[in-house]
Amino acid sequence: MTTISSTLATPLAATAGGFSCAACAYRGERPPVVLRASEVMPFEMVECPACRLVQQSPRYTPAELARLYRRGNSVFEEADTHRWARAVQQYVIHLHGLERPGGPRLLEIGCATGHLGALAAARGWRYTGIDVSAEAVSRAAVRFGLDVRAGTLAQHAATLHPYDVIFLCDVVEHVLDPASLIAELRKVLTPGGTVCIDTPNWASRWRRFFGRRWLGLNRYHINLFDAGSLRMLLARQGFSMDRCGSYTHCRYEAWPARPEVRRWLDRLPGFAAWRVGALLDAFTNRRPWALLRRDPPTGPESAQRMVHVLAGQLNARQMAFQSGDSVFVTARRPG
Ligand SMILES: [Zn+2]
C-alpha cells in the first residue's frame, strides 16, 4: 500500500472514554477490541457495532499522524513495471467502463507518481491528480506533463472544476475523518458524477486466514472497511450505489509473492520451498491478472494494450466475490 493522499483534516470529536465511528457517526461506549496492538500495528482496533467499520481506538491526533508521515514514506520504493501493472489493473476495474467520448474529467486523489494519470490521459480523459507528497507530484509533472497538485483536496477545492469521475485508491484507510473527505469531494463532483473508492478489505479471506500477519495491516491503516461500511460511508453523504466488488492486487495474486506465504515457505528445506513455491505459482498463474506479472507493461503504450486485452477477459462475476484483499464501491452523486 503506497501513498496517502487527501486530508489530515479535522479528527472526529472524541467522546470522553467513548467511541465515534468514522464511517457512520455512531457514538457510544467503546466496543470490544478486535485487533490487539502489535509491532506492525502499535494500537488497538475496534469494530463499530452499527456499520462494522474496524478503526483505530483511541485515534491518532493530527500532530501524531503528521509526524508518522514525516518519518517514513514508501512511495518511491516500488519498481516502475509494478506501478504500470497496478495502473492497468486499477484502470480496468474502475475506469474502463466509465469511458465516454468528449474527454470526461477525472480527478485522482492520491495520484502518487502519476502512472494511472498518464494511462488515463492516453485514453482521452482530462486528468487532474492530487497528492500530499510534493516529491511524487513533481515527478508526475516532469515525467508525464500531467496537471498534478501537491497538498490536500481541501487546500485545492476552490480552484478545481467539477469532475465527472473522482477516483481514490488506498486513501480512505489513512485519514482521520473519511466522512469529511467524502463531503469535500462531493462538492467537486458534477451532479450525476461518479466516485470510485478502493481500499483494503477487512473481509478478505487472507485477513481471516493469516490474522495479524495479513499484508493489509500496518501503522498507517487506521480505518479498515468492508463492503458494508464502505457503502455506509457513501450513503451518509447521499450517494447512490452503482457497483461493489472485491479483487486482489495483481502482484499479490501470486501466492508465493505474498509476505505471509513467503514466511511459511522460508521455513521449509530449500528444495521443498522451491517446489511448493513453483506449484503455488503455477496454480495462481492461470488467473487473468497473471498477464501483468508475466509480461508487465513498461509505459503508457504497452499499458494501453494491456487494458484492451484484460478488459475483454474480465467479467463482472470475477470481481463480484467479497473476499479479495481490496474492496471497492462505485457510487453516483444524485443529479
Ligand atoms: Zn459505524
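See the values below:
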read-out	value
Cysteines without a disulfide-compatible partner [the chain; Cβ-Cβ under 4.7 Å]	C111, C169, C196, C244, C250
Burial order of peptide ranges 321-327, 262-268, 29-35 (average beta-carbon count within 10 Å, highest first)	321-327, 29-35, 262-268
With 10 Å bins from 0: P(r) over segment 23-147, alpha-carbon pairs, percent	11, 29, 25, 26, 8, 0
Among 247-258, 87-98, the order from most to least packed when residues are scored by Cβ within 10 Å on average	87-98, 247-258
3J(HN,Hα) from dihedral phi, segment 179-195, Karplus parametrisation 6.51/-1.76/1.60, rounded to Hz, x for glycine, proline	5, 5, 4, 5, 4, 5, 6, 4, 5, 10, 10, 5, x, x, x, 10, 10
Local electrostatic count at F19 - Lys and Arg +1, Asp and Glu -1, tallied over other residues with Cβ under 14 Å	+1
Reciprocal mean inverse distance between Cα atoms of the chain - Kirkwood radius, Å	20.5 Å
Centroid-to-centroid separation of segment 212-231 and segment 163-202 [C-alpha atoms, Å]	16 Å
For segment 87-95, 3J(HN,Hα) per residue [Karplus equation, 6.51 cos²θ - 1.76 cosθ + 1.60, θ = phi - 60°, Hz, x = Gly/Pro]	4, 5, 4, 4, 5, 5, 5, 9, 9
Other-chain or far-sequence residues with amide H under 5 Å of T199's (modelled H)	D170, V327
Amide H partners (placed H, <5 Å) of E108, local residues excluded	T128, G129, I130, F167
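Readers should treat all values here as calculations from the given coordinates under stated rules, not as data from a laboratory. Everything numeric here is computed off the predicted structure, so don't read it as measured data. Every residue, glycine among them, receives a Cβ derived from its backbone with ideal geometry; neighbour counts consider all protein chains shown.
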